[in-house]
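Right, one structure below, let's go through it.
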C-alpha cells in the first residue's frame with residue numbers, strides 16, 4: 001500500500017475530469033447525473049461499483065493547513081474549494097494533507113456517527129501506542145490503476161454547475177472551533193449524559209444567537225439515533241427540542257433571580273433525563289419520523 005501511494009504521489013499532476021464534483025451537488029441533480037454517467041459506457045458503471053464497494057476512500061490533498069479551523073474547512077471541501085478530490089457519497093473518506101495533518105469526512109445516510117467515531121478512535125489509539133508495528137514498506141507487485149471515465153458535454157456541464165453551487169454553499173457557511181476546559185469524564189462525574197449535555201448547550205447557544213439578532217426560533221432540530229439492533233437498521237430521529245429543554249433555555253435567558261442557580265440546575269437535569277429517554281426510545285424504533293413520515 002505504501003509503495004502504491006508513493007507511485008500516486010509521483011504521478012503527473014495533470015487535472016483529469018472531476019467526476020467526483022457532482023457528488024457534492026443537490027441530491028436530485030446528482031441522482032440524474034449518476035444514471036446518465038452509467039448510461040454513457042459499461043466501464044463507467046464498473047468504476048462506480050468499484051468506488052461504492054470500497055471500504056473507504058483515501059484523499060491525498062496537496063495542502064498544508066496549519067490551525068484546527070483551517071484544517072476542518074479543508075477536510076470538508078478541499079483547499080481552498082477544490083472539491084475534485086472528494087467523493088461525497090462515501091461514508092468514510094480518509095484525508096491526508098501534505099503537512100501531515102489528517103482527518104475524516106463522513107457521509108451520514110447509511111449509518112450514524114457512532115461507528116465512525118469508533119473507527120477513528122481505533123486508528124488514533126493504535127497510532128499512539130508505542131508498540132504499534134508500522135512495518136517497513138515493500139515494493140508493490142502491481143501499480144495503481146487510474147479511473148478512465150467516459151464523459152460527454154452534459155456531464156461536463158453538470159461538473160461546472162456543481163462546482164459553482166458548492167462554492168456558493170461554502171461561502172454561505174460560518175465555522176468555528178470551540179474547545180472546553182473539560183471533557184467527557186467531568187460531565188459523567190456530574191451524573192449527566194454527555195450527549196444530553198451537548199444537545200442542551202447547542203440549544204442554549206442557538207437561542208442566545210437568535211436573541212442577539214432579534215430573531216425568533218422557528219422549527220425544530222433533531223439528532224440521529226442508531227437502530228442497528230434491527231435488520232438493515234439505519235437511524236431514527238431524536239426530537240431534541242422538548243418542553244423540558246425549552247424551559248431550561250428560557251430560564252437561562254431570563255433575568256437573574258435569587259434562586260436562579262438551583263432552578264436552572266433542576267431544569268437542566270430534567271431536560272437531560274427527557275433527552276436520554278427520547279434517545280433510548282428512538283433506538284428501540286419507537287420514533288415517528290422514519291416509518292410514519294417516510295424520511
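Please list, ordered by first then second residue, the pairs with beta carbon atoms under 8 Å, 6 or more apart or interchain, first in the range 107-136 and without any contact (Cβ under 8 Å) to a residue 60 or more places away in the chain, second loosely packed, with under 13 Cβ neighbours inside 10 Å and assigned to a helix (DSSP H, G or I).
132/126
Of the residues that make up the range 140-151, is at least one exposed (fewer than 10 other Cβ atoms within 10 Å of the Cβ) and part of a helix (DSSP H, G or I)?
no
Taking residue 110 and the conditions (1) at pLDDT below 90; (2) assigned to a helix (DSSP H, G or I); (3) within 29 Å of residue 223 (Cα to Cα), which numbered condition does it fall short on, given that it satisfies the others?
(2)
Could you pull out the residue among 43, 122 that is under 22 Å from residue 224 (Cβ atoms) and outside any loop (DSSP other than H, G, I, E, B)? Steps first, please.
Working: 43 fails: under 22 Å from residue 224 (Cβ atoms).
Checking each option against the conditions leaves just 122.
Can you tell me which residue in the range 258-295 is farthest from residue 196 (Cα to Cα), limited to those that are touching a helix residue (DSSP H, G or I) at 6+ places or on another chain (Cβ under 6 Å) and in contact (Cβ under 8 Å) with a residue 24 or more places away in the chain?
295
Within the range 80-96, identify whether any single residue is crowded, with 17+ Cβ neighbours inside 10 Å, over 24 Å from residue 165 (Cβ atoms), out of contact with any helix residue (DSSP H, G or I) (no Cβ under 7 Å at 6 or more places or on another chain) and assigned by TED's automatic domain parsing to the domain that holds residue 115, and answer yes or no.
Yes; the residues of the range 80-96 include at least one that is crowded, with 17+ Cβ neighbours inside 10 Å, over 24 Å from residue 165 (Cβ atoms), out of contact with any helix residue (DSSP H, G or I) (no Cβ under 7 Å at 6 or more places or on another chain) and assigned by TED's automatic domain parsing to the domain that holds residue 115.
Any residue in the range 204-222 that is assigned by TED's automatic domain parsing to the domain that holds residue 287, under 22 Å from the mean Cα position of the chain (by Cα) and in contact (Cβ under 8 Å) with a residue 60 or more places away in the chain?
yes
Only one of 117, 75 is loosely packed, with under 14 Cβ neighbours inside 10 Å and in the same structural domain as residue 11 (by TED's automatic domain parsing); which? Quick ask: steps written out before the conclusion?
Working: 75 fails: loosely packed, with under 14 Cβ neighbours inside 10 Å.
Just a single option satisfies the conditions, and that option is 117.
Can you list the helices (runs of 4 or more DSSP H) lying wholly within the range 222-295 that have 2 or more residues being surrounded by 17 or more Cβ atoms within 10 Å (Cβ to Cβ)? Break it down into steps so the answer makes sense when it comes.
Values: elements: 243-253, 260-283, 289-293.
By residue number, 243-253, 260-283.
In contact with a helix residue (DSSP H, G or I) (Cβ under 6 Å, 6 or more places away or on another chain), surrounded by fewer than 16 Cβ atoms within 10 Å (Cβ to Cβ) and under 26 Å from residue 114 (Cβ atoms), is that true of residue 184?
yes
For residue 57, are the conditions met, namely being in contact (Cβ under 8 Å) with a residue 40 or more places away in the chain, touching a helix residue (DSSP H, G or I) at 6+ places or on another chain (Cβ under 8 Å), surrounded by 15 or more Cβ atoms within 10 Å (Cβ to Cβ) and under 18 Å from residue 77 (Cβ atoms)?
no
Cβ-Cβ below 7 Å, separation at least six or inter-chain, first residue in the range 188-199 and loosely packed, with under 15 Cβ neighbours inside 10 Å, second assigned to a loop (DSSP other than H, G, I, E, B): which pairs?
Once the first residue is loosely packed, with under 15 Cβ neighbours inside 10 Å and sits in the range 188-199, no partner that is assigned to a loop (DSSP other than H, G, I, E, B) comes close enough.
The values are calculated or read from the model by the stated rules, or taken from the named source; none is laboratory data. Not measured: the values here are computed from a predicted model. Reconstructed Cβ throughout: ideal geometry from the backbone, glycine too, with neighbour counts over all protein chains shown.
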